[in-house]
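Every number here is computed from the coordinates shown, using simple stated rules; none is lab data. The structure displayed is predicted, hence computed values, not measured ones. Virtual Cβ from ideal backbone geometry, glycine too; neighbours counted across all protein chains shown.
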Amino acid sequence: MAKRITKAQVLGEKGVTLVSRRLLDMGFLWHPTNAPVEAGIDGFIELRDPETGDVANTWVAVQSKARTKLDKETDSSFEFACSKKDLEYWRHGNMPVILVVSRPDTEEAWWVPVKEYFADATRASSRKILFNKTANALAGTTQPDLLSLCQSSGAGTYFRPAPKPEDLLSNLLTIKRLPKQLCRADTSFTDGAELHKELRKRMDYPPREWFLHGGVIYTVHDLREEPWRGLCDLGTVETIETEEWSESDDPEPRRHFVWLLKCCLRRACGRLGMRYDKDDGYYYFKATDDLSPRQMSYKSRKKATRRTVFQGYRSKTDPERIAYYRHVGFESFILQFDGQWCLQINPTYRFTSDGEELHPFREEYLSKIKSIEGSGAVGGIVVMFAALLADRHGLFDRNYEHLGFGDLLGVEMPVGIDDLLWRKRDTEPPQEEPDDGDIDPIADIARSDLLFREDML
């Protein structure tokens with residue numbers, strides 16, 4: 001009787017061959033078991049640094065399942081049911097295991113890290129995997145995910161990072177000069193707009209470094225001098241040493257202190273030609289009078305440079321028409337990190353129809369540009385604002401009196417971070433923004449929401 005090779009055997013070999021090609025295209029090595037008997041592993045991936053070629057005894061086990069038809073298939077997904085014995089086998093041991101389901105006839109393949117997927121008890125009891133055809137595709141974009149899989153806790157094998165330390169910058173700009181003193185007094189004014197109107201009667205450009213709270217006016221100015229005399233009860237004027245609030249453990253004076261710093265920040269940004277959007281809470285560069293592009297010159301980390309901070313963009317369908325104007329800006333948070341007061345700079349953009357009126361599609365434009373910007377582009381904007389706000393030391397430079405900034409806070413990492421793991425997009429859900437106030441000094445500096453390399457700017 002002649003020997004036979006079944007269609008199922010041929011299909012299985014096609015699946016393994018497809019997996020091999022995809023992994024080699026990623027720069028990894030594929031080691032098939034080629035065993036006549038195997039319990040549930042068809043081969044092993046040996047991870048390799050695609051840039052240097054370094055290998056570090058880093059392995060991932062692979063089970064290949066080739067199919068001509070997929071269960072419960074839709075345009076975007078399909079389902080795969082695992083046998084109880086397979087699942088028990090894959091989940092034992094300390095080596096990462098991935099399941100690859102392929103359709104060799106259409107050159108398609110999808111993957112799932114088995115241990116991570118079935119860590120959920122509900123999934124484990126059903127023994128079913130729901131594959132997303134886009135998110136789970138085995139393609140070139142899978143390369144960083146495989147590296148991350150081996151770096152996960154308990155993987156038992158890992159791709160070691162470069163053995164050299166690395167200095168990273170954060171988006172925390174140190175505040176090196178605080179107001180010299182603070183002042184408060186009782187007042188009959190209860191509405192800030194009315195108080196501002198009264199100040200305008202006394203001078204054309206009244207100071208803005210003040211706020212009202214509970215019948216008391218708080219400011220960095222001496223309330224016993226003009227234009228404040230007559231606007232408050234002089235008998236209740238109290239001068240406060242800055243450290244009394246800035247180093248206080250009482251949350252109320254700390255909140256008042258942060259609010260006064262915000263008032264000072266608004267004036268400092270106004271000196272740069274920026275406005276504050278009260279509704280959305282961010283600063284942005286104003287439009288030029290003739291709507292021509294506005295550029296700001298500054299010294300980056302390496303050299304003197306300039307950046308366009310306001311510009312009109314023409315319609316793709318009608319080049320004679322300006323589709324929108326884009327203003328560079330930033331969201332700000334004032335907080336304390338390990339005893340150091342800082343300004344957190346989160347770059348953003350404002351989109352207008354004519355330099356003033358908000359564009360009806362501003363949210364779509366903002367979402368699109370944030371989805372395509374990399375860490376280097378965002379870091380470059382942070383460096384620009386840090387340079388523009390920093391104190392100057394020239395003979396004729398006049399720094400803002402009540403608030404001064406130093407350098408961006410940095411952090412030294414004990415090891416380098418693999419370039420493949422620097423993602424252009426953040427695939428994790430957005431973290432809740434921190435409130436103004438304290439950051440636990442024990443917490444990771446990455447809570448500043450941005451770390452970047454100088455060589456990426």
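Give the shape of the range 337-418 as rounded, prolate or oblate, defined through the alpha-carbon gyration tensor: a ≥ b ≥ c are the square roots of its eigenvalues, a/c under 1.5 means rounded, and otherwise the shape is prolate if a/b is larger than b/c and oblate if not. Oblate. Convex hull volume of the C-alpha atoms in the range 5-67, normalised per residue: 79 Å³. When the Cα gyration tensor is reduced to axis lengths a ≥ b ≥ c, the ratio a/c is 1.5 or higher for the range 209-280, and with a/b not above b/c it is classed as oblate. Going by neighbour counts of Cβ atoms within 10 Å, the residues Arg200, Arg67 line up, fewest first, as Arg200, Arg67. Each residue of the range 327-333 was assigned a 3J(HN,Hα) from its phi angle through the Karplus expression (A = 6.51, B = -1.76, C = 1.60, θ = phi - 60°), giving 10, 6, x, 7, 8, 10, 9 Hz with x at Gly and Pro. Arranged from fewest to most other beta-carbon atoms within 10 Å of their beta carbon, Val237, Val97 become Val237, Val97.
Of Lys316, Lys115, Lys14, Lys370, the sequence from fewest to most neighbouring Cβ atoms within 10 angstrom is Lys316, Lys370, Lys14, Lys115.
Only alpha carbons enter this Debye calculation for the range 7-151, each as an equal point scatterer, and the log10 of I(q)/I(0) it gives at q = 0.12, 0.15, 0.16 Å⁻¹ is -0.47, -0.75, -0.86. Beta-bridge orientation, the range 7-151: approximately 80 percent antiparallel, per DSSP, counting only bridges with both partners inside. Hull volume per residue, based on the alpha-carbon atoms of the range 165-256 and their convex hull, is 142 Å³.
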